[in-house]
Amino acid sequence: MIFNTEEFARKYAIRYTSALAVLLIAPLVIYVYLLLQIDEARVKISLETQAKQIISVMQRYKNSDKVFHFPRYKKYQSALYNKNHKSLFSTLSFEPNSFMNGFHKKGNYYYYIYPLSEGYYFDANYLLVSTKHTANKIYYFAASVLLAIILALFIFSFLLLRNFSKPFEKLNIQLDNFIKDSMHEINTPLSIINLNADLFANKYGKNKYLDRMKSASKTLATIYNDMDYLVKQGKVVHKLQEIDISDFIQNRVDYFQEVANLKEIELQTNIEENIIYTFSKTKLQRIVDNTISNAIKYSHNQNDVDVTLYVQNDIITFIVQDYGVGIENVDKIFSRYYRENEAKGGFGIGLNIVKQIIDEEGIELSVTSTVNKGTIFNYTFHK
């Protein structure tokens, strides 16, 4: 139940960073797109300029020179083609996929097709000038900017949220300590009440007033145990051990029979003996206690609650069925602090704890309920 400032700041810093990054990515994408367009325009201009230089060199050629030395460049490749697209001369390292006039791209190669006057330039009809070019620098720049934005946003959000949440952490620690101290103070008199009630009953015999007192103390003990489980959650490791689940559930039934007696409810059992299961005793008690106590709480007076336990094909089934008021909103009963009938009391944390435990341990639960007819809780434990 302790408020963790670091976890809170990290969690929401990631959310805010993601949201703000999405907003900032849009202008970055537009900017990168414009950079790519400018970069491509530069390449096209350079190819066109190079083509004109080559044509200028060819125009200065005289037949009397006999040999024409075609200009070669480290950065550029060039080729001459006739009207049938047959190569007359080429330094290309790829085959062009189009001979339409203008600019083209094949892979990382940009090339420019320039039409030549027929029969003038060594019977060539096309001049092709090409260069290998990638926009990796632009992509690296974009990735670096995006990473810098995300890091800056995350660090800023994290520091801001951490400082913002520190007062809440301090308040939460104080509240947690108050709950721990209060629970300690409650546990001592609660134990004294139970002990003295048992001593009184042994000496003077049972009576309805004593039964009511013991029933109330057991109901309070169930709430106390739920609160104790929540306070220790995440701090205490619940050790696994082999449990005789048959004997365990029978003991809990006997424990709650005194609570049920006040409403003249009989806890009927059909428990198969000697079923051994490896589990946490604390977690098992939270499941059993909350299920049985709720069945009693929401049952009509002078009725039964059926508790069944059996094993079949290495699957343990634990069923608690009451014939009471039923549940209107089955999906909501596992929400913390939800109480379908506030007149019945409680804090609405018991079934929320049960849901946490069965989710953690892979226990299956089905709840079937009909209003004014009753409810069935069916737990399935896989061995």
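The values are calculated or read from the model by the stated rules, or taken from the named source; none is laboratory data. The structure displayed is predicted, hence computed values, not measured ones. Using ideal geometry, Cβ is built from the backbone for each residue, glycine included, and neighbour counts are taken over all protein chains shown.
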**Message:** Suppose we filter segment 7-60 for residues that are more than 49 Å from the chain's Cα centre (by Cα) and of a type outside the set (Gly, Ala, Ser); how many remain?
**Reply:** 13
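Evaluate segment 221-231: report whether one residue or more is closer than 17 Å to residue 354 by Cα, polar (S, T, N, Q) and in contact (Cβ under 8 Å) with a residue 12 or more places away in the chain. I'd like the intermediate steps shown before the answer.
Of all residues in segment 221-231, those closer than 17 Å to residue 354 by Cα come to 221-231.
Now narrow it down to the ones that are polar (S, T, N, Q): 222, 225.
Keeping just the survivors that are in contact (Cβ under 8 Å) with a residue 12 or more places away in the chain gives 222, 225.
Yes, that holds for at least one residue.
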**Request:** Taking the residues in segment 128-171 that are hydroxyl-bearing (Ser, Thr, Tyr) and not in a loop (DSSP other than H, G, I, E, B) as candidates, determine which candidate is nearest to residue 29 (Cα to Cα).
**Result:** 139
**Asked** Out of segment 53-77, which residues are of a type in the set (Lys, Arg) and either over 18 Å from residue 111 (Cα atoms) or without any contact (Cβ under 8 Å) to a residue 40 or more places away in the chain (or both)?
**Response** 60, 62, 66, 72, 74
**Request:** Could you please tell me which pairs satisfy a Cβ distance under 9 Å, a separation of 6+ or placement on different chains, a first residue in segment 78-92 that is outside the structural domain of residue 57 (by TED's automatic domain parsing), and a second residue that is of a type outside the set (D, E, K, R) and surrounded by 15 or more Cβ atoms within 10 Å (Cβ to Cβ)?
**Result:** none
**Prompt:** Name the pairs whose Cβ atoms lie under 7 Å apart, with the first residue in segment 132-155 and under 30 Å from residue 104 (Cα atoms), the second surrounded by 12 or more Cβ atoms within 10 Å (Cβ to Cβ) and of a type in the set (S, T, N, Q), and 6 or more positions between them or separate chains?
**Reply:** 132/108; 133/108; 134/108
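Can residue 144 be described as loosely packed, with under 12 Cβ neighbours inside 10 Å, over 18 Å from residue 19 (Cα atoms) and at pLDDT 80 or above? Explain how you work it out, then say what you get.
Details: loosely packed, with under 12 Cβ neighbours inside 10 Å: yes; over 18 Å from residue 19 (Cα atoms): yes; at pLDDT 80 or above: yes.
Answer is yes for this residue.
Just to be sure before I move on: is residue 282 surrounded by fewer than 20 Cβ atoms within 10 Å (Cβ to Cβ), at pLDDT 95 or above and outside any loop (DSSP other than H, G, I, E, B) in the structure I sent?
On the way: surrounded by fewer than 20 Cβ atoms within 10 Å (Cβ to Cβ): yes; at pLDDT 95 or above: no; outside any loop (DSSP other than H, G, I, E, B): yes.
In short, no.
Take the conditions over 31 Å from the mean Cα position of the chain (by Cα), in contact (Cβ under 8 Å) with a residue 40 or more places away in the chain, farther than 21 Å from residue 351 by Cβ and assigned to a helix (DSSP H, G or I) and apply them to residue 217. Does it pass? Walk me through how you get there before you give the answer.
Working: over 31 Å from the mean Cα position of the chain (by Cα): yes; in contact (Cβ under 8 Å) with a residue 40 or more places away in the chain: no; farther than 21 Å from residue 351 by Cβ: yes; assigned to a helix (DSSP H, G or I): yes.
No, not satisfied.
Within segment 335-355, can you find the residues that are polar (S, T, N, Q) and either at pLDDT below 65 or farther than 17 Å from residue 231 by Cα (or both)?
Within segment 335-355, the first condition is being polar (S, T, N, Q), and the residues that meet it are 335, 341, 352.
Residues satisfying the conditions are 335, 341.
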**Request:** Looking at (1) part of a helix (DSSP H, G or I); (2) loosely packed, with under 14 Cβ neighbours inside 10 Å, find the lone condition where residue 358 falls short.
**Result:** (2)
**Message:** Taking the conditions exactly as written (among the β-branched types (Val, Ile, Thr) and within 36 Å of the chain's Cα centre (by Cα)), does residue 296 satisfy them or not?
**Reply:** no
**Complete:** From the option list 325, 259, 307, single residue qualifying as at pLDDT 95 or above and buried (at least 18 other Cβ atoms within 10 Å of the Cβ) is 307
